[in-house]
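Reading through the structure tokens given below for one structure.
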Number of protein chains: 2
Amino acid sequence: MFRHIVLLTWTEDATAEQKAEVAAQLAKLPGAIPEIRRYEIGVDAGVNQGNHELAVVADFDDVDGYLVYRDHPAHIAVITDYMKPIVATRAALQHQL
Amino acid sequence: MFRHIVLLTWTEDATAEQKAEVAAQLAKLPGAIPEIRRYEIGVDAGVNQGNHELAVVADFDDVDGYLVYRDHPAHIAVITDYMKPIVATRAALQHQL
């Protein structure tokens, strides 16, 4: 398996509706990209200070499956239309699982 | 379930041995902290530029299980003795799973 992890923070002027829409749009991607084997989206629970605000952990059979997801038009559209307008910082990593 | 995600980058002068030792010490924690249900450590695969370098995704039954892990002496010792000396940046998030 091959895992992709991304953590995001939002700009100060991002609205609750915009943040929720990013998660809602991401949640559609497993239906559009069959290479996704497992896809978990999470909003920070507020237990600790200084955390990022949205997480995605996505698992694929292999790096090729991840690359299909990374470059898929449905994914790019979510990034361009919903995510980028409100992202402040992004941390990401991919690793063999 | 309750998930904890952390992504780290290392200082420029961190050695390969120091980086490997962090992962090796973290890998012992599931044997020391029974509240850990699933624990995956990953080193960035080098597919994309600008990534973080080490990931931990840890799953617990609930937030209380996570708090046991967060504050466990074995975990704190790894952070203090191996991780903090070479961490440059840290991104983290906890969420319901």
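The contact residues of the stretch A:42-62, meaning those that lose at least 20 Å² of 1.4 Å-probe accessible area when all protein chains sit together rather than their chain alone, are A:Gly42, A:Asp44, A:Ala45, A:Val47, A:Asn48, A:Asn51, A:His52, A:Ala55, A:Val57. Largest mean-square fluctuation among A:Leu29, A:Leu54, A:Leu67, in a Gaussian network model of chain A whose springs join Cα atoms under 10 Å apart, belongs to A:Leu67.
Each Cα pair under 8 Å and six or more residues apart adds its separation to the average, and for chain B the resulting relative contact order is 50 percent. A crude spin-label estimate for the pair A:Thr80 and A:Ala16, with each label 7 Å from Cα along the Cβ direction, gives 3.1 nm. Take the accessible area of B alone and of A alone, subtract that of the pair with a 1.4 Å probe, and the total buried over both chains is about 2200 Å². A straight Cα-to-Cα reach below 27 Å connects A:Lys84 with the lysines A:Lys19, A:Lys28, residues fewer than 8 places away in its own chain not being considered. Take the Cα of B:Val47, step 7 Å along the line toward its Cβ, and report every residue of the stretch A:78-94 whose backbone nitrogen sits under 13 Å from that point. From the stretch A:78-94, the list is A:92-94.
Each part reduced to its alpha carbon centroid, the stretch B:67-97 and the stretch B:21-51 end up 11 Å apart. Taking every alpha-carbon pair within chain A, the share separated by more than 19 Å comes to 39 percent.
Of the residues making up the stretch B:72-97, those losing 20 Å² or more of accessible area when the isolated chain is joined by the remaining protein chains, with a 1.4 Å probe, are B:Ala91, B:Ala92, B:Leu93, B:Gln94, B:His95, B:Leu97. For chain A, the 222 nm mean residue ellipticity estimated from helices alone, with every DSSP H stretch of n ≥ 4 adding -39500 (n - 2.57) and the total spread over all residues, rounds to -7500 deg cm²/dmol. Here the calculated FRET efficiency for B:Val63 and B:Glu40, from their Cβ-Cβ distance with R0 = 22 Å, stands at 0.70, rounded to the nearest 0.05.
The values are calculated or read from the model by the stated rules, or taken from the named source; none is laboratory data. Model, not experiment: these values are computed from the prediction. FYI the Cβ positions are ideal-geometry reconstructions off the backbone, even for glycines, and counts take in every protein chain you see. Quick note on the areas: whole protein, heavy atoms, side chains included, nothing else; ligands and nucleic acids left out. Shrake-Rupley method; radii C 1.70, N 1.55, O 1.52, S 1.80 Å.
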